[in-house]
Structure formats: C-alpha cells, structure tokens
Number of protein chains: 2
Amino acid sequence: MATMTKMKTDIEIAQETKLKRIQEIAKELDILEEELEPYGHYKAKISLDLMKRLEAKPDGKVILVTSINPTPAGEGKSTVTVGLGQALRKIGKKAIIAMREPSLGPTMGIKGGATGGGYSQVLPMEDINLHFTGDLHAITTANNALAAFIDNHIHHGNELRIDTRRIVWKRVVDLNDRALRHVVVGLGGPVQGVPREDGFDITVASEIMAIFCLATDLQDLKRRLAKIVVAYNVDKQPVTVADLGVEGALTLLLKDALKPNLVQTVEHAPALIHGGPFANIAHGCNSVIATKMAQKLGDYVVTEAGFGADLGAEKFLNIKARFAGIKPEAVVIVATIRALKMHGGVPKQELHIENVEALRAGLDNLRKHIETIQAFGLPFVVAINRFITDTENEINALKAFCEEHGYPVALTEVWEKGGEGGIELAEKVLEAIENGNNTYAPLYDVNESIPDKIRKIAQIVYGAKDVEFSEKAKKQIEQFTVFGWDKLSICMAKTQYSLSDDPTKLGRPTDFTITVREFKPSIGAGFLVALTGDVMTMPGLPKKPAALHMDVDENGNAIGLF
Amino acid sequence: MATMTKMKTDIEIAQETKLKRIQEIAKELDILEEELEPYGHYKAKISLDLMKRLEAKPDGKVILVTSINPTPAGEGKSTVTVGLGQALRKIGKKAIIAMREPSLGPTMGIKGGATGGGYSQVLPMEDINLHFTGDLHAITTANNALAAFIDNHIHHGNELRIDTRRIVWKRVVDLNDRALRHVVVGLGGPVQGVPREDGFDITVASEIMAIFCLATDLQDLKRRLAKIVVAYNVDKQPVTVADLGVEGALTLLLKDALKPNLVQTVEHAPALIHGGPFANIAHGCNSVIATKMAQKLGDYVVTEAGFGADLGAEKFLNIKARFAGIKPEAVVIVATIRALKMHGGVPKQELHIENVEALRAGLDNLRKHIETIQAFGLPFVVAINRFITDTENEINALKAFCEEHGYPVALTEVWEKGGEGGIELAEKVLEAIENGNNTYAPLYDVNESIPDKIRKIAQIVYGAKDVEFSEKAKKQIEQFTVFGWDKLSICMAKTQYSLSDDPTKLGRPTDFTITVREFKPSIGAGFLVALTGDVMTMPGLPKKPAALHMDVDENGNAIGLF
C-alpha cells in the first residue's frame, strides 16, 4: 500500500482536527446548559441531575466491544469502539461512545495511549492522556487519605485494635514506580508513627477505582466506600472504612469526579470517558454512571471492556451489567490478522510477513471467544481491524472461516477512514441486534459457592479442565464464608495474553488447570478477586521512558506525547 | 455584642451567596472569551496569551498584606486581603485580589480553611479547599514522576552514578500523613528496584511548588525545572533534572496548572488564586504569573504572603518582588488584639478577657514588623482586624499607640461587614501610596556572601544579635561556593511564632542568636533554604481529624467542610 507511507500520526491527526466547542456537542445531545460543567473549551462534566430529568426516557441499546486475546501491542479495541460509534452516526443513528479514562503512569512509560487512533480517536487526546478533568487525582487522593487515616488511628492509640501486620489497604500513585512496590513506612521513632511493611499500587488498581465505576449514584458510592475492608484486627476480624468513620470524607473527595466527562471524537461524535479500573485486579469497564447516562443521551451506546473477552467482557457481563441492570444488545469481537498469526505460532518479529497457515491455526482463539459470547446468550459480530501489513489472502482466509461457521463478520478500516471505514460493521451490528436471539444471562448465580462460581468461569470462558485452589485460597474461602462474603461475584485476575493462567500458552489451550493462588476481597466493589499467577498492580518504567521525548513547544502545545 | 450570637458561619455565608457566572466576572475584567477556560460555572483558568495581548498596558499597583507573628489560630490575613480588595472596589477602584491556593492536607486535618472568612471570603470555598482546578495534583504528579525517573534510572544501570545515599529529591502527597515522613523504598529483591532510605513531604513543600510560583512563563518554568538538584553522584557532584533529561516531561505535566485561576469573592470581586508554597521551606507567596496577570487586569492588586512579616513579607520583598520585577506600593500589617495580648504574655485560654496592660506589652512585636517594612523603604498601614472578643479599651489603646508614633492605622471589620468594613483601611492605603516616600529595595545584594546575606535578614528583620552556623552548614557554604550557588537569594526556614528561632519567645525578643543548622539548596527556585530549628515538611493528623465530620448531603453538597 503505497499511500500508507504518507500516513499521518495519531497526534498529527488530533492536532489538525478543528474541534467543536463542548457546549455545541452537549446541545446536540439536549443536555441543559446548567447540567454542563465545562472544563476548558473541549471537555465538560455532566451533572448527575440529568439522570433525574431523563428518568422516564427509554434506555439506549448497549453494544459491547471486546477482542480476542491481545498481543502486547494491543489490537485497536478502543479505535474500533470510537470508529463504530462514528459509523453508526454516519448511517443516521443517535450513537454515543462510553470509554475508560487512561492512567498517566503508562503514558509516561511506554509510547501509546488509550484514546483510539487515526481518524477514530477521542479528543483532545493530550488532555485526556494527561490530567483530563482530575478524576484519577481525586481517586488517588481519596485512596491515600484513607491510608493516612488508618496510620493516624494506630498512632493515636489504635482503639480498633488493628493488627499492623494485617493492614490490606495500600497507598497509590498514578505513575509507574517500581521502587514503591514494597516499602516500610512509619520509621523515625515514636512521633513519626508505627513502622510497618506497606506498598503502593497504581491508582487504577485501587478498590476505590472499582467502586467508583460500579456505584450507581453518590449515596451508593458512600455505602460502598463504607464497606471497604482496610485491615484485620488482633482477633482477625475485618476493620472497615465505616469503623474509621471516614466514608463521608472520602465521598466528599469524590463527589465531583463522579460526574461523567463529555468529549468528542475526530468526527465530533460525543463520547463519555469516565473511570478506568484494571481488567485483572478489577473489572475493567468505564463507570456504570457513564454507561447509564449514555443510554439516556443516545439510542445506541458503544462501550468497551479491557483486554480480551475472557477478562473484560466476562466481567462486563457477569459483574457490571448484572448489578447495574444493563442489558447488552450485541457484542463486537475485534480480531486482527497480526494477533491471530501470533496465536498460530508466529513470533513477533515476523508478524508483518504473510502467513495464511499460521492465521488459520490461530483462529481457534477467536472461536473460543465467540463461544463465550454465545454462552452468555448474546448476538455478536467479528470485526477485522485492518492493519497496513495485512494481505488480501489473509483477510480472505479470516472472512472465509467466519462465513463457513455462519459468524457475522465485517472488515473495518476505522483507523484510516474514520466512521466511513466502519459502516459495514455498524450495519452488521444493527442486523445482529434486530435478528439475534438475545437470551443474555450471567454465567453463574452469586448464591453458588465460591469454587463453583470460579469453576463456571474457568470452564465456560477459558475452556479449562478444572480449577485448583492453593491451601491459602482454601483457607480464605472458609473464612469468607464465615464473614458472609461468599455470595459476592468473582473478579478473576489472570494474564490477558492467554485463555489459561500461563501467558505463553497462546491459541486455544486445552486440558489445562487454573490455579487460584489467593483471594483479595473487594467488599466495597462487591466482588472477590481471585488471583491466578502473578498480577502486576504497580508497573515499572522502561530504561528509556517515553517521558524523555515529551516537551512543550513555545505556544504551550504538547510535544512527543504520542 | 448581642448581635454576634446570631452570627452565621463561614460556610453558611458561602452557601447563601448567589455567585455570578465566571464568564461575567471575566467580562468585567475585559478578559476575552477565548482567553477564559471555565472549570465548571464559577472557576476558570486564564490563558497566558492574555499577558502578550496586554504587554503594553501599565501595571497595577501592588499592595502586600502581611501580619505580626501569628498565634496558632491565625490572625485573619486572608480575610483582610479579601476585605481590602472588596473595600477598594466599594470606593470605585479597579482592584483585584491575588492569593495562594490551599493544601488539602490541613483541610482534612484541622478545621479551618485558607479562603478568608465571613463576608470576606473567596468562593466557591468548597471547591477551592478541595481539588480546585487540580494545580496541586499536577504538582504532586510532576514531583512524583521525577522521583520515579530517578529510581528507574538507578534500577536500569545508574549511568549517572547517583549515590543512592545522597538522593535529596523526596516524594510528596497533598495530605497530612506522618507515617510517610521516613520510609524505606525499593524493597522486595532485584526486580523491584534498589532499596534506600526516603521520605515524603506535603506537596506545598515541594521545590516544584516554589518553582511554579516563581516562574515567569512556561519556558522559564522549564529552565528552572532543569536546574533542580535531585541527588549527588559518587564523586559528590550534583545531579540535576537536566542530567535525567525529563524537564520537558515535567513541564508538560504542569502546562495547564500554570494558568492562573479566576474566582470571585462574596461581593463578586475578582480574585486570582494560584500556587501555594510553604512560607518556611519556601517563599510563601502566590505565583508570580498570577500577580503579574492581576497587575494587567486591575489598577490595584491586593496580595498576601504567608505567616508574619518576618517570613512571608521578607521573602516577598527579598525574593519574589526582586526577581519578578514587581515594585510593591504599600504594605498592610495585620494585627489583632488577641495576638498582641499573647505576645504580651497572656495564655491562650485567657485571650477573651480584656487586658490592656498585656496588649501594651505585646505592641513591641508590631513595632518590630513596622521597622522591618520601613527598612524595606515601603509605606504601610496597620490594620486592626477586629474579633468579637475585642473591647473598646483595647482597641483604643492600640490606636493610641499607633497615633503616638505616627503609624497610619485603621480598624477593619471585613469579616462581619465585607468591603464596607474595610473602607477606612482602603482609604489609608491609598493615602499611603500617594503620600508615602517609597524607596523600596531588597535588604541584601545577592552577590554578598551567604553568611552576610543571612546576617542582614537576621539582624534587620528579626532583630537578632548574630547568626551562628553549625559545622554542617559551614561545610555546605564552602561546597555551595564551589558549585557556584553562593550568589543565590536566601529563603529562611524559621518558626512563624517568634521573631527568633525559638517558638516560645514571643513579643520582641532581644539579645538572641539565630542558628543555621543546615541548608537545602533549591537551585531551580533560585534560593538556598537556611534551616533553623526543626521545620515540619510533612504534618500529621490530630486524633480526631476534621474529616470525621465531612460528608455529602443528598443533593451532593459538601457538609462539615468548615
């Protein structure tokens, strides 16, 4: 493709786009002037009062975008989400996009953002990728205020008899900072606090981020914050935020952040960008409030969930949709030729070379995810997200596979062509919604036992033979049952690269066992995190971080951000 | 005073005030629509482009508000600053207020804010006291990103040969968190970083905050950030941000924060609230950019500096005004009957009882600060900030003292009456500006030796007999001279409660020596911090923090913030 050599970069496209004032975008959505709180000219928060005003309005149809197991480079799920939203508008539908907000840490570390790409981006990308409207900073502050309240309580006499060896609440920063993974705090003598082992996570791994994204309103947020278990006392009984009496203060710190953020795409389609929990230690979806608000503002809501369908979609469908009462109408499964070839055994350095055989071998991964979505009873469309290295032979092989099995499929070129490049996908999605037999239901009942719930996820979603529990995990299950935590949903923390818990097992592994090493109860969020393998909750920076190329030009514009 | 029993609280007055839209406030100042970046309906950032547009416009006159040595409860300097701005407008002057933004840590800890009080407040006080427009979060993030870059550099081979025992860059949080004062980071084995002793300060103590407040524009900010000394290498040579190559990234993280924030007072007077460095470890004034912008937007700028005249005003006049090229026109010295009685020997519990003798004994403290302002060659007015417990006898005694010495004095009742209560003060200030013989000059030449500069401050401003330097400080002076840091200005870190370095010596101590224990070079800010006594750079929380009473009501309004 000769034209590809002249292709513009994401930031060039972003900076060339003449944005509309955010008031104009809001007006097109019939948001009242007093409901809009502008943050500069191109970003705004929307008052939660809007939800009361539009209470009786029917909800828009939710379309979930997920993907096969991704490669380390990502498969362009955000780009397809934005592109599909733009495409639906091009064919006359009132569509709105709902996405997660990015974390600053990875932005400073490794080149690459979370705002889509090419002509399917949300803008202003510099702002969204930096401080945006401060939501993550508010969450960081609430998280760390809670940590300070805990250590302060202990310092001033420890009335709650907290066991300082059993404090489970960690501090956070919205940065990649490996030196903070394991620390000792409270050093320096009696007036400086009580020494203890501690550690920092990245902000998006905070339970407060998960709670923030599952809360249905400010009062629900407060109720959930109150339930957070921060430590165990000397009798090994849980100590909560309610015991410390600071749920009101934490809610106060989060009250403005809880309002969804409105921005626009390159084609001026409206997008709500709000909340961004990890998809392993947490559920990986934007806020419930943003999705529900989008349902009031549009007839179609295009939203995404983190990583592949085994993580993000499973959690969207088993946790977020279930508890928020959101009924999804269709699922888009993004696949790329590159990732399928990788699942078929091609090493990273050879992904640009045509290899139809490997592609065919990798199709098993796609097929497993399709079966998962079918198990949830949902109609779906496979979206082939075209990359410049894809050949016609490869694309035809993928299409032939889908047609052979009767899987709806559409080639999308939304990076290069914006909404225009996603019209086929948009039409197939609408068709799937209309024709599809939607029998959506979560895969497990929360009243089942903890092992049974996990087994269902592992067997139906991952294709595992069985689940094993470590001695520690077994002991925790007993303890959780005593505490009455056994009726919560399950949030699996697993590698995103494989259907199994071993990141090197690509394609569609069979005959494998999932090992649950440990649980992390997120009682405020309402789920038990089941940890398999090592889960990174504080990333590190590479030797040459992306920050080295960042700067500001003489007009105050961002340089080197992407 | 019978009416006083029915007095409203600060938050009641704040929440009863019908605010104007920030666009309206901006319009009255002739700020162009494209120069205003609203943050919600009542806060906005102002583009630095405005400074270019108004380059040729003559500068407004700067009035500095300072005070005698404060009591732990504060003397209402912010209230007088706001009240004076309102009063000047009441008598037809185009006045604008420039103040610091508060830190969240103390807000969550001890009841009491930094937004003035009564009918002389800046609003919306809830927002300003919580996250405001995110400036402090941006500074926290830039500070901690730099810390992560340092540890990451060491982890990946330590090309700069940083001595991990001599890293002087600390992490920060905008919270009171004593457990973070002394920590060990980098634990957990080789892949988690390099273990070392470390500690956290509160954000307002970060050198980045001081730099932020002294920078004249974005490029100056970057130049200053590049000069920050973060560590010493194994040859004991300084390692800077420029050596790490991340000044561009840090500038990018601060580019939006650097725009001043516009808000309004209870009486709709415009106020720029921007930056808030400590007044001991740093220079304690709002940003140079905000003060200079205020000078372009108004004919009179009322601004304040932290703590008493021995700290904030000294630094405003020797550091900020000198390097920013700001010529102050007059100084208001706030005195309260309560504080003067305390300086006269009355214990805290008896301050509400009339005691003219003690008041007279305490006047020495006021007199010393007056002499300091006279030494700077500036006209001044003493403002008696009236409290409900003050008696007529006490006020008359203070007035008589001022009249006897020919000191201009005005009683202000701006808490209770707003601008109306400050008209006498406003008129006296205008008179002082017109009649006063203004020979303003800094007290020392930066080319003098480090001990000479410190001696001048200690002798002229504190009334000290002499200055002693610890062995460590002497060694540092030698070293700094080798590094070429001896021509910088001096930032004294001293207790705010006494003119001496001993907080228990109230009134006007004589025959005392100041001991400089150690220096902390702030090369990016452009000063050497001289530490006397212990300086707290990370406060702790009280046993029952104010946060326990904070909440959000069913309409999302703040409860218990003040």
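Within segment A:120-137, the set of residues being surrounded by 24 or more Cβ atoms within 10 Å (Cβ to Cβ) and either among the small types (Gly, Ala, Ser) or touching a Cys at 6+ places or on another chain (Cβ under 7 Å) (or both) comprises A:120 only. Screening the candidates B:85, B:74 for the property of being over 17 Å from residue B:175 (Cβ atoms) and either aliphatic (A, V, I, L, M) or within 16 Å of the chain's Cα centre (by Cα) (or both) yields one hit, B:74. Being under 23 Å from residue A:377 (Cβ atoms) and part of a strand (DSSP E or B) is true for just one of A:304, A:314. Which residue is that? Answer to the selection: A:304. Filtering segment B:344-391 to residues that are modelled with pLDDT under 95 and outside any loop (DSSP other than H, G, I, E, B) leaves B:348, B:349, B:350. Among the residues that make up segment A:111-132, is at least one of them acidic (Asp, Glu), within 17 Å of the chain's Cα centre (by Cα) and either more than 21 Å from residue A:71 (Cα to Cα) or modelled with pLDDT of 90 or more (or both)? Checked against the condition, which is being acidic (Asp, Glu), within 17 Å of the chain's Cα centre (by Cα) and either more than 21 Å from residue A:71 (Cα to Cα) or modelled with pLDDT of 90 or more (or both), segment A:111-132 yields no hits at all.
Residue count for segment A:528-549, restricted to those that are within 7 Å of another protein chain (Cβ to nearest Cβ) and basic (Lys, Arg): 1. Screening residue A:552 against (1) among the β-branched types (Val, Ile, Thr); (2) within 9 Å of another protein chain (Cβ to nearest Cβ); (3) under 17 Å from residue A:453 (Cα atoms) leaves a single unmet condition, (3).
Residue selection: residue B:57 satisfies the criterion of being basic (Lys, Arg), in a loop (DSSP other than H, G, I, E, B) and closer than 23 Å to residue B:302 by Cα. A count restricted to segment A:30-50 and to residues that are surrounded by 19 or more Cβ atoms within 10 Å (Cβ to Cβ) and away from chain B (no Cβ under 12 Å) stands at 2.
Could you please let me know if residue A:273 is modelled with pLDDT of 95 or more, over 30 Å from residue A:340 (Cα atoms) and not aromatic (Phe, Trp, Tyr)? The answer is no for residue A:273.
How many residues are within 18 Å of residue A:330 (Cβ to Cβ) and not hydrophobic (A, V, I, L, M, F, W, C) if we restrict to segment A:428-485? Matching residues across segment A:428-485 total 10.
Being more than 11 Å from chain B (Cβ to nearest Cβ) and either in contact with a Pro (Cβ under 9 Å, 6 or more places away or on another chain) or closer than 24 Å to residue A:518 by Cα (or both) is a property that does not hold for residue A:119. Restricting attention to segment A:462-497, the residues that are in contact (Cβ under 8 Å) with a residue 24 or more places away in the chain and on the phi > 0 side of the Ramachandran plot total 1.
Considering (1) more than 13 Å from chain A (Cβ to nearest Cβ); (2) not in a helix (DSSP H, G or I), the lone condition that residue B:210 does not fulfil carries the number (2).
When we screen B:249, B:231 for residues that are within 12 Å of chain A (Cβ to nearest Cβ), within 20 Å of residue A:545 (Cβ to Cβ) and over 18 Å from the mean Cα position of the chain (by Cα), the only hit is B:249. From the list B:201, B:217, the one residue that fits, being touching a residue at least 40 places away in the same chain (Cβ under 8 Å), within 11 Å of chain A (Cβ to nearest Cβ) and surrounded by fewer than 24 Cβ atoms within 10 Å (Cβ to Cβ), is B:217. Can residue A:436 be described as over 30 Å from residue A:492 (Cβ atoms) and not aliphatic (A, V, I, L, M)? Criteria not met by residue A:436. Taken over segment B:234-246, the residue count meeting the criterion of being assigned to a helix (DSSP H, G or I), free of Cβ contacts under 8 Å to residues at least 40 places away in the same chain and within 11 Å of another protein chain (Cβ to nearest Cβ) is 0. Do we find that residue A:403 is touching a residue at least 12 places away in the same chain (Cβ under 8 Å) and among the charged types (D, E, K, R) in this structure? So residue A:403 does not fit the description; no. Of the listed requirements (1) closer than 22 Å to residue B:146 by Cβ; (2) free of Cβ contacts under 8 Å to residues at least 40 places away in the same chain, residue B:259 misses just one: (2). The lone criterion from (1) within 14 Å of chain A (Cβ to nearest Cβ); (2) aliphatic (A, V, I, L, M); (3) in contact with a Leu (Cβ under 7 Å, 6 or more places away or on another chain) left unmet by residue B:525 is number (1).
Is it fair to say residue A:551 is acidic (Asp, Glu) and within 30 Å of residue B:255 (Cβ to Cβ)? Yes.
Every residue, every condition in (1) within 21 Å of residue B:495 (Cβ to Cβ); (2) surrounded by fewer than 24 Cβ atoms within 10 Å (Cβ to Cβ), yes or no:
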site: B:300; (1), (2): no, no
site: B:310; (1), (2): yes, no
site: B:319; (1), (2): yes, no
site: B:322; (1), (2): no, yes
site: B:345; (1), (2): yes, yes
site: B:348; (1), (2): yes, yes
site: B:366; (1), (2): yes, no
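Considering every residue within segment A:9-19, establish whether at least one is within 14 Å of another protein chain (Cβ to nearest Cβ) and outside any loop (DSSP other than H, G, I, E, B). Scanning segment A:9-19, I find at least one residue that is within 14 Å of another protein chain (Cβ to nearest Cβ) and outside any loop (DSSP other than H, G, I, E, B), so the answer is yes.
Reported count of residues in segment B:247-273, each being under 15 Å from residue B:14 (Cβ atoms), among the β-branched types (Val, Ile, Thr) and not in a loop (DSSP other than H, G, I, E, B), is 3. In segment B:318-334, is there at least one residue being at pLDDT 95 or above, among the basic types (Lys, Arg) and part of a helix (DSSP H, G or I)? Yes, that holds for at least one residue.
Tell me, please, whether a residue that is among the polar types (S, T, N, Q), within 26 Å of residue B:278 (Cα to Cα) and out of contact with any Leu (no Cβ under 6 Å at 6 or more places or on another chain) can be found in segment B:4-12. Checked segment B:4-12: no residue is among the polar types (S, T, N, Q), within 26 Å of residue B:278 (Cα to Cα) and out of contact with any Leu (no Cβ under 6 Å at 6 or more places or on another chain). Of the candidates A:243, A:256, the single residue that is surrounded by fewer than 24 Cβ atoms within 10 Å (Cβ to Cβ) and either within 20 Å of residue A:26 (Cβ to Cβ) or in contact with an Asp or Glu (Cβ under 6 Å, 6 or more places away or on another chain) (or both) is A:256.
The set of residues from segment B:316-334 being of a type in the set (A, V, I, L, M) and more than 20 Å from residue B:433 (Cα to Cα) comprises B:319, B:324.
Note on segment A:460-501: among residues that are more than 21 Å from the chain's Cα centre (by Cα) and within 28 Å of residue A:341 (Cβ to Cβ), the one that is surrounded by the most Cβ atoms within 10 Å (Cβ to Cβ) is A:464.
Being closer than 30 Å to residue B:116 by Cβ and away from chain A (no Cβ under 13 Å), is that true of even one residue in segment B:134-154? No.
The values are calculated or read from the model by the stated rules, or taken from the named source; none is laboratory data. Treat the numbers as computed from the prediction; the structure is a model and nothing was measured. Cβ atoms come from the backbone with ideal geometry, glycine included; neighbour counts cover every protein chain shown.
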